[in-house]
Amino acid sequence: MRAIGFVFLGAFVALSSSCIDPVHSDDVDALGPEAPGVPEGLTHRAGQPCLTCHGGLGPGSPRFSVAGTVYLKRTDTAALQGATVVITDADGDSRSVETNEVGNFRIERDTWNPIFPLRISLSYQGEDATMKTLVNGNGGCNFCHRGDGDSTHSPRVYLRTK
Amino acid sequence: MKRFLLVSMSIAIFAACAGSPKQSTDSAGGADRAQFTPVSGMLLRRCGSLDCHGRIYRNFRLVGVGGRRLDDKYYPDGPATTEDEIDHNFQAILGIEPEIMRTVIAEGGANPQRLTVVRKGRGSEDHKGGQRIGLGDDADICLTSWLASDVDSDACARATTQRLP
């Protein structure tokens, strides 16, 4: 009974603040400063959630619809350059993008604004990996895929398990 | 003496049942935990990704494989969803509108659209995630058959494994 009351209270609190999520500037600050020597551009902040800054609320511009970082292995931080990421939207429309020397890729929202949910797969020289679940609302891969993973994040996007 | 034994035995049986998952059934006015497992899978798949109801910032929070995990040692990509997680999801759906849920279930699942979870899922009520369940599709049948206390597990399974679009 108490648990239900608690859920109720929680629902109220959440309802009254449902549009805010946590404060955007805190999210940005939590990502820290730029790494020294890396310009603000396509090789910066590999592994970080690009859309936190390039999702329309700043400070990054332009705005991306899909962006992330791809690694060779689940257990290792070596980037995978030249992988092809294929994104298919709810209308069956799809785009392919290549990853760069740090594993990063992005699609600018002005170029393609896909309809969610999205299906994702990637390939590299005959090997491939597919995401079984769907991306329902956030086109930033590293929003969900982070480092070695934990109970709230899947591990980095990778081609090979080992 | 015999009578005493009998009485204490029935109390023991009562207590045993009250401690089982059936207890949540009672507090929910008939919502069936035993039938909920396939529904949990469907909800997780359609609604529970880490960018939606797998986030802790949502009031209706789902957990399990493919989304957020209850156990700190688990990952979104494995191992499989646990019974504890299904319990959590069961309480989560009941906790949205307990009174209306009770009424809908007591009335054999009639007019399920009285529930905001059904309306939001179907996209007929303002929903950040838009429409995730189509009126009359497998996911819809799964959810509404459970509300009618006669879950269509096959529909749930199809809705869980289906590739969208």
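The values are calculated or read from the model by the stated rules, or taken from the named source; none is laboratory data. Everything numeric here is computed off the predicted structure, so don't read it as measured data. Every residue, glycine as well, gets a Cβ built from its backbone with ideal geometry; the counts of neighbours run over all protein chains shown. Note: areas computed on protein heavy atoms with side chains; ligands, DNA, RNA excluded. Shrake-Rupley method; radii C 1.70, N 1.55, O 1.52, S 1.80 Å.
Sites listed here are trypsin sites (Lys or Arg not before Pro) in the range B:25-96 whose DSSP assignment is loop and whose Cβ has at most 13 other Cβ atoms within 10 Å: B:K73.
Net charge within 14 Å of A:D128 by Cβ-Cβ distance, Lys/Arg positive one each and Asp/Glu negative one each, not counting A:D128 itself? Intermediate results must be reported in sequence, preceding the final value.
Details: positive: A:R119, A:K132, A:R160; negative: A:E127.
With Lys, Arg at +1 and Asp, Glu at -1, the neighbours total +2.
Taking N as the number of residues in chain A, what value does Rg over Cα atoms divided by 2.2 N^0.38 Å take? It would help to have the intermediate numbers written out before the result.
Values: Rg = 17.3 Å, N = 162, 2.2 N^0.38 = 15.2 Å.
Rounded to two decimals, the normalised Rg is 1.14.
With a 1.4 Å probe rolled over the protein heavy atoms of all chains, the accessible area of B:E85, B:E107, A:E34 falls in the order B:E107, A:E34, B:E85, largest first.
Scaling against 2.2 N^0.38 Å puts the C-alpha radius of gyration of the range A:92-162 at 1.14.
Accessible-area rank, largest first, for A:T130, A:T52: A:T130, A:T52, with all protein chains present and a 1.4 angstrom probe. With all protein chains in place and a 1.4 Å probe, the accessible surface of the range A:42-162 carries 46 percent carbon and sulfur.
For the range A:22-120, what does the relative contact order come out to in percent, with C-alpha contacts under 8 Å and a separation of six or more?
Working: 163 pairs, mean separation 24.3, N = 99.
Dividing the mean separation by the residue count of the range A:22-120 yields 24 percent.
Solvent-free Debye calculation, one equal scatterer per alpha-carbon of the range B:105-155: log10 I(q)/I(0) at 0.24, 0.29 Å⁻¹ equals -0.85, -1.09.
Using a probe radius of 1.4 Å on heavy atoms only, what accessible surface per residue do you get for chain A? Whole Å² is fine.
Per-residue value: 55 Å².
Across the options A:I107, A:V86, A:S121, the greatest Cα extent toward the positive end of the charge dipole of the range A:82-123 (unit charges at beta carbon of Lys, Arg, Asp, Glu) belongs to A:S121.
Do the sum for chain A: with -39,500 (n - 2.57) for every DSSP H run of n ≥ 4, divided by all residues, what is the mean residue ellipticity at 222 nm, to the nearest 500 deg cm²/dmol?
On the way: 4 runs with 31 residues, N = 162.
Value at 222 nm, helices only, nearest 500: -5000 deg cm²/dmol.
Note on B:I56: accessible area approximately 80 square angstrom, rounded to 10, probe 1.4 Å, nucleic acids and ligands left out.
Once neighbouring chains are kept in place and the probe is 1.4 Å, which whole percent of the accessible area of the range B:39-165 is contributed by carbon and sulfur? Let's see the in-between values first.
Working: 2820 of 5520 Å².
Looking at the range B:39-165 in its full context, I get 51 percent from C and S.
In the context of the full protein assembly, A:D27 retains an accessible surface of approximately 60 Å², using a probe radius of 1.4 Å and ignoring ligands and nucleic acids.
Could you report the buried accessible area between A and B, both sides summed, computed with a 1.4 Å probe and given in Å² to the nearest 100? Intermediate results must be reported in sequence, preceding the final value.
Details: alone 10190 and 9600 Å², together 17220 Å².
For chain A against chain B, roughly 2600 Å² becomes buried.
Legend: residues in the range B:30-69 shielded by at least 40 square angstrom of accessible surface upon adding the remaining protein chains to the isolated chain (1.4 Å probe, heavy atoms) are B:R45, B:L50, B:D51, B:R55, B:Y57, B:N59. Taking all protein chains together, A:E98, B:E97 sort by accessible area into A:E98, B:E97, largest first [probe 1.4 Å].
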